[in-house]
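Reading through the structure tokens given below for one structure.
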Amino acid sequence: MPKFTKELVDDLAKKLLIGLSEEENQMVLDEFAIIDENLRKVEDFPNIKEVTPMTHALDDFSFTLREDVATPSIPIEDALRNCDSKEGREVEVPKVVGGEN
Amino acid sequence: MDKTIEELHELLINKKITSKELVEEALKKSHEVEEKYNAFVTILDDAKETEVTDNLLSGIPFGIKDNYSTKDILSTGSSNTLKDYVPFFNATAVQKLLDAGAIPVNKTAMDEFGMGGTGTTCHTGIVKNPWDSTRMTAGSSAGSACAVAAGVYPYALGSDTGDSIRKPAAYCGIVGYKPTYGMISRYGLFPFASSLDHCGVLCRSVKDAAIVVDAMKGIDEHDMTSWDSRDIHLYESIDGNVKGMKLCYIKELCDSKNYPNASEELKSHLKNFMEKIELCKSLGMTVDEVSIDEKLLNALPSVYVAISCAEATSNMSNLTGIIFGPRGNGKNYEEMMMDHRTKGFSPLIKRRFVIGSYILQKENQERYFKNAGRVRRMLVDAWKKLYETYDAVILPVSSGPAKHLDSDKDMLTKDTAVLEEHLQIGNFGGFPSITIPDGFVSDLPVALNITGNCYNDSKVLNIAYALESAMDYKNQIAKEVK
């Protein structure tokens, strides 16, 4: 497992498309050190590996899938109303294939 | 606006006041509260009265936390990444209140996307506590708590992923209630950590909490985690009869001997809480002290951060500024997204995304994400074990009254007391949980919390109602002490 370092923090931030200042990077390291310490202690809990991780708030969580019936989609105008850059019915972005030109 | 929903309804029905007058008063107060405490993202100056019907909520103004989608009304989640975002639909909970004839008059400021607990990370600035403007409201439902406590209206919507309704309610001297997970649809609520997110209400009395949640709840085809609660009638089930009910409190959290460096405020808070335990007994309830493994409790804050950060990282990956949100600068889409996210998110959010991402890396999942889920299971099982014997767990909220604004920057520190974070267990297990004011320390309100087993909302509200009725803090409006 790679050590949680300043470089790793920067790499993760880059993958998340987030820029971090030096100060923010250090805050991540400081906060994570506490989480790491506490979760390492968890590994010493007796039989911890036999516990099934809880992923939902309700134990009796159940749901029924809706009928597979087509319903009207939202109007394109509504879908695009919060888009800063659009052309007609499409979102406008820089060219993503074939290089930058 | 200093009255309960029942009282306002009575006045409306008897034509002693009009809905128009209430709206005008709520808007006037909104501007005053905004000026003094910075509680709102948007004030809806064009809000109009509604017809008064038999519905208790008709004709009465309310507030909406800014992470609820509101059709044609700015909904920012208090984030610069959505500073101009205007939804084209209403969240189900909001729509149900509109259908009841309730009138939204403002959108309340919050910690960005609900990811803070201080009320200091809103993109519109810090929300101040109406009891003492040098203190926090707590968060994330900061503006809702502030506005209800200041008497803008009888209730406002909140959301609660860790304690985001129940802690600000405590700091502002009001009631904060999150029902069982899924009782209220989350459709249209900006997601933070989906397995922990709850909708709920901040108000000034237990009956008001019941009235509002009765109106908001119900199964919703747009939220597959919602469930059918048509047989649950919260308001009607409140009768104050708690004789024979059994409560417990956790020794490790409530015994002042566990805090060798306790402040005077903490000592007073715990002493006050123990007096309320005696009050419970005088009302005919039995109350036992029980113990929970301290190691398990101590893991709580880190487990919460691990789970919530991991879920948030995933949930908020759609905030790119491409399809919605302010478009970032850059010569390709990646640079645009990076510019949007770097400028848009506060340092707290960025930090938590990075931690969440690390935890979710394949090689780290076992040690962090899965172990956090295991501890979540163990804590929930421990509470469910208590519910085999007890009707509810009663505990003090936080370590005293509202903290000073310069004292806590939402950083998880080594000395983070479990006392500050224990309400998160209510989110881990989806338990119904209500905070009510239970006294004053340093002239500021303090509170206790009652949490019961899933689906036992009526029982939890009844206990809270009985206690509220035996104390003097029902429907209190903030009196500025500083």
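Distance distribution note for segment B:318-382: the fraction of Cα pairs above 15 angstrom is 64%.
By a straight-distance test (C-alpha under 16 Å), which lysines pair with B:Lys331 as possible cross-link partners, with residues fewer than eight away in the same chain excluded? B:Lys331 reaches A:Lys95.
Working note: Karplus 6.51/-1.76/1.60 with θ = phi - 60° gives segment B:176-193 the couplings x, 10, 10, x, 3, 3, x, 5, 10, 4, 9, 4, x, 8, 4, x, 10, 10 Hz, where Gly and Pro are set to x.
Rank the residues B:Phe324, B:Phe192 as a footprinting-exposure proxy: fewest other Cβ atoms within 10 Å of their Cβ go first. Before the final figure, lay out the partial values.
Numbers: B:Phe324 22, B:Phe192 25.
Result, fewest neighbours first: B:Phe324, B:Phe192.
Counting only other chains, what is the mean number of Cβ atoms within 10 angstrom of the Cβ of each residue in peptide B:327-333?
Values: counts 6, 2, 0, 1, 2, 5, 5.
The mean count of partner-chain Cβ atoms within 10 Å per residue comes to 3.
Across segment B:210-291, the volume of the C-alpha convex hull divided among the residues equals 173 Å³ per residue. Listed here are the pairs A:Lys15/B:Lys362; B:Lys36/B:Lys96; B:Lys167/B:Lys207; B:Lys29/B:Lys267; B:Lys217/B:Lys459; which of them are more than 25 Å apart at the Cα? Where the Cα-Cα span goes over 25 Å, the pairs concerned are B:Lys36/B:Lys96; B:Lys29/B:Lys267.
Would you mind ranking B:Met285, B:Met471 by Cβ crowding within 10 Å, fewest neighbours first?
Details: B:Met285 22, B:Met471 14.
Going from least to most buried by this count: B:Met471, B:Met285.
The spacing between segment B:16-55 and segment B:165-201, judged by their C-alpha centroids, is 23 Å. Listed by chain and number, the lysines placed with their C-alpha closer than 16 angstrom to that of A:Lys14 are A:Lys6, B:Lys343, B:Lys350; residues fewer than eight positions away on the same chain are left out. Could you run the Debye sum over the Cα atoms of chain B, one equal point scatterer each and no solvent, and tell me log10 of I(q)/I(0) at q = 0.12 Å⁻¹, two decimals? Here log10 of I(q) over I(0) equals -1.00. Taking only alpha carbon atoms, segment A:1-49 gives an Rg to Rh ratio of 1.11, where Rh is the Kirkwood radius.
Here, the protein assembly as shown yields an orientationally averaged convex hull projection of 27.2 nm² when only Cα atoms define the hull. Applying the Karplus relation 6.51 cos²θ - 1.76 cosθ + 1.60 with θ = phi - 60° to segment B:425-431 yields 3J(HN,Hα) values of 4, x, 7, 4, x, x, 6 Hz, where x marks Gly and Pro. Neighbouring Cβ atoms from other chains, within 10 Å of the Cβ of residues in A:19-29, number 4 on average. With viscosity 0.692 mPa s and temperature 37 °C, the Kirkwood radius over alpha carbon pairs of segment B:66-146 converts through Stokes-Einstein to a diffusion coefficient of 253 µm²/s.
Peptides B:26-39, B:59-72, B:148-161, B:217-230, ordered by how many other C-beta atoms sit within 10 Å of their residues on average, highest first, read B:148-161, B:59-72, B:26-39, B:217-230.
Just checking the output field for B:212-225: average partner chain Cβ neighbours within 10 Å of each residue's Cβ? Working shown, then result.
Details: counts 0, 0, 0, 0, 0, 0, 0, 1, 0, 2, 1, 1, 6, 6.
Rounded to a whole number, the mean comes out at 1.
Segment B:428-482 and segment B:350-374 have Cα centres spaced 34 Å apart.
Work through the residues other than B:Thr137 whose Cβ is under 11 Å from its Cβ and net out their charges, Lys, Arg +1 and Asp, Glu -1. It would help to have the intermediate numbers written out before the result.
Numbers: positive: B:Lys128, B:Arg135, B:Lys167, B:Lys403; negative: B:Asp111, B:Asp132.
Charge balance in the 11 Å sphere: +2.
Ordering B:Thr120, B:Thr342, B:Thr4 by the number of other Cβ atoms within 10 Å of each residue's own Cβ, fewest first, gives B:Thr342, B:Thr4, B:Thr120. For segment B:122-133, 3J(HN,Hα) computed residue by residue from phi via the Karplus equation (6.51, -1.76, 1.60; θ = phi - 60°) reads 6, 5, 9, x, 6, 8, 9, 7, x, 7, 7, 6 Hz, glycine and proline entered as x.
Considering all C-alpha pairs of segment B:226-385, those separated by over 26 Å amount to 58%.
Annotation for segment A:1-42 versus segment B:253-329: alpha-carbon center distance of 24 Å.
Each reported figure results from applying straightforward, stated rules to the coordinates on display, with no laboratory input. Keep in mind that this is a model prediction, so the values were computed, not measured. As a convention, Cβ positions derive from the backbone with ideal geometry for all residues, glycine included, and neighbour counts pool all protein chains shown.
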